[in-house]
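Colleague: Sharing a structure with you now.
The values are calculated or read from the model by the stated rules, or taken from the named source; none is laboratory data. This is a predicted model, so every value here is computed, not measured. Reconstructed Cβ throughout: ideal geometry from the backbone, glycine too, with neighbour counts over all protein chains shown. These accessible areas exclude ligands, DNA and RNA; they are computed on the full protein's heavy atoms, side chains included. Shrake-Rupley method; radii C 1.70, N 1.55, O 1.52, S 1.80 Å.
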Amino acid sequence: MVYTVTFNPALDYVVHLEEPIVNGQMNRSTREEFYYGGKGINVSTVLTNLGADTVAMGFVAGFTGAAIVHGLTHKGIRTDFIILRQGISRVNVKIRNGVETDINAAGPRLSNDDVKAFMKKLDDLTEGDYLVLSGSIPPNMHDVIYERICRRVADKNVQVVVDADGDLLMNTLQMHPFLIKPNKAELGSLFKAKIKNDKDIEKYARKLQEMGARNVHISMLGEGSMFIPEGDGKVIRMGVPEGKVINTVGAGDSMVAGFLAGYMKNGDFQKAMNLATAAGSATAFSEGLGEKSTIMMQLEKINNNLWAK
Ligand SMILES: Nc1ncnc2c1ncn2[C@@H]1O[C@H](COP(=O)(O)OP(=O)(O)OP(=O)(O)O)[C@@H](O)[C@H]1O
Ligand SMILES: [Mg+2]
C-alpha cells in the first residue's frame, strides 16, 4: 500500500479568460474547472490511474475539505484524512489567459492535537508499505515535521519517499529515506549552486546520497531525469518521449507515482524509471494528470525509443 500525505490540500479552481486581467475591474471567465489539488493527492490520483493501491492522508477542514474527500472517493481514491475542527481547506485560484497566474491560499492552521492524531494514524502502517511525503507544509508548522514522521515509522521497514524542498527535505536525510525527488531548480537551491550540466546534477545528487538518501531521482522538465540508485550507484539517465506539452503542473508528482507503481510491480529500477518517465510526460501532455491510456502510450514510445529531440 502506498500512503501519501498532503498537509494542505486544496480545491484548485481554474478559470480561463480570453483577455488579460484588469485590476480594479470586473473580469469574466469563459470556462472553469475544479481539480483536487495537493502534491500527495496528485501522487495518489496517478497511482489509482495505474491501478496501484493507495490511501491519501493529511488534513482537511470545512465544506471545501468535505468536497475534496467526496471528490477523491468518487474517483475511486481511498482517503484517511484528519478532519480539522476549525477553518476550511483552501481554494487556490488558477487564472489561465495565455499566461498562468496563481493565487494560492494559506489554508487552515493545524494544532498540536491535530498533528498528534495524524502521527497516531501512522502506527497502522506495516512492513512493505510506502509513505510519500510531498510538498510544502502550512505556515505555522516547523520544518522538522517530515523528519518526525520518518522517525515515527522508522522501526517498521516502511519505505519513505520525500518530495519536498529546503530544510523540510534536508532534515529527513539522516533518516535514510528510500527515495527523494528534487527537481533541478530545487537541487540548485539546496546547495546554493548554479547547476549547468549533467555532471553538476550527478555531483550534487551524490552529495544527497552521502548525506543519507538511499535513491536519488532528479527531474528536469523537458530534459528528462537522472536516477542514482543505492548499491552500484550506476546512473540511469532518461530523456522524455516526443509529444506536445500542454501543462507541466504535477508532472513531478506523476513521476513519483509512476516510479512507485513500476518498482512495486517489477522490483527493477530501470522499469520503474520507464514508467516514471511515461507518467511524468503523460501529465505534461494532458490538461490534468495523466490517465492510464496516455501513460501507456508514452511507455510504448519509450520502449520504441521515440524520444523528443
Ligand atoms: N516539457 C516536458 N516534456 C516532456 N516531459 C516532461 C516535460 N516536463 C516534465 N516532463 C516529465 O515530467 C518529469 C517531472 O517534471 P518536472 O521536472 O517538471 O517535475 P517537478 O518540477 O517536480 O513538477 P511538479 O512539482 O510540478 O509536479 C520530467 O522528468 C519529465 O519526465
Ligand atoms: Mg516537484
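Colleague: So residue 185 clears everything in (1) in contact (Cβ under 8 Å) with a residue 24 or more places away in the chain; (2) surrounded by fewer than 18 Cβ atoms within 10 Å (Cβ to Cβ); (3) within 16 Å of ligand 2 (Cβ to nearest atom) except one condition, right? Which one?
Modeller: Only one criterion is unmet by residue 185, namely (1).
Colleague: Separate question: Would segment 39-50 turn up any residue that is closer than 17 Å to residue 91 by Cα and in contact with an Asp or Glu (Cβ under 6 Å, 6 or more places away or on another chain)?
Modeller: Yes: segment 39-50 contains one or more residues that are closer than 17 Å to residue 91 by Cα and in contact with an Asp or Glu (Cβ under 6 Å, 6 or more places away or on another chain).
Colleague: Conditions first: (1) over 25 Å from residue 295 (Cα atoms); (2) surrounded by 14 or more Cβ atoms within 10 Å (Cβ to Cβ); (3) in contact (Cβ under 8 Å) with a residue 40 or more places away in the chain. Residue 18 passes all but one, so which condition is the exception?
Modeller: (2)
Colleague: Another one. Is at least one residue of segment 152-161 open to solvent by 30 Å² or more (accessible area, probe 1.4 Å) and within 16 Å of ligand 2 (Cβ to nearest atom)?
Modeller: no
Colleague: Provide a single number: the residues in segment 248-270 that are open to solvent by less than 20 Å² (accessible area, probe 1.4 Å) and β-branched (Val, Ile, Thr).
Modeller: 1
Quick grid of which residues meet (1) more than 27 Å from residue 38 (Cβ to Cβ); (2) more than 10 Å from ligand 1 (Cβ to nearest atom); (3) assigned to a helix (DSSP H, G or I); (4) not hydroxyl-bearing (Ser, Thr, Tyr):
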position	(1), (2), (3), (4)
244	no, no, no, yes
255	no, no, yes, yes
258	no, no, yes, yes
281	no, no, yes, no
297	no, yes, yes, yes
300	yes, yes, yes, yes
305	yes, yes, no, yes
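Colleague: Let me ask something else. Would you mention how many residues in segment 232-242 are in a loop (DSSP other than H, G, I, E, B) and more than 16 Å from ligand 2 (Cβ to nearest atom)?
Modeller: Selection size over segment 232-242: 6.
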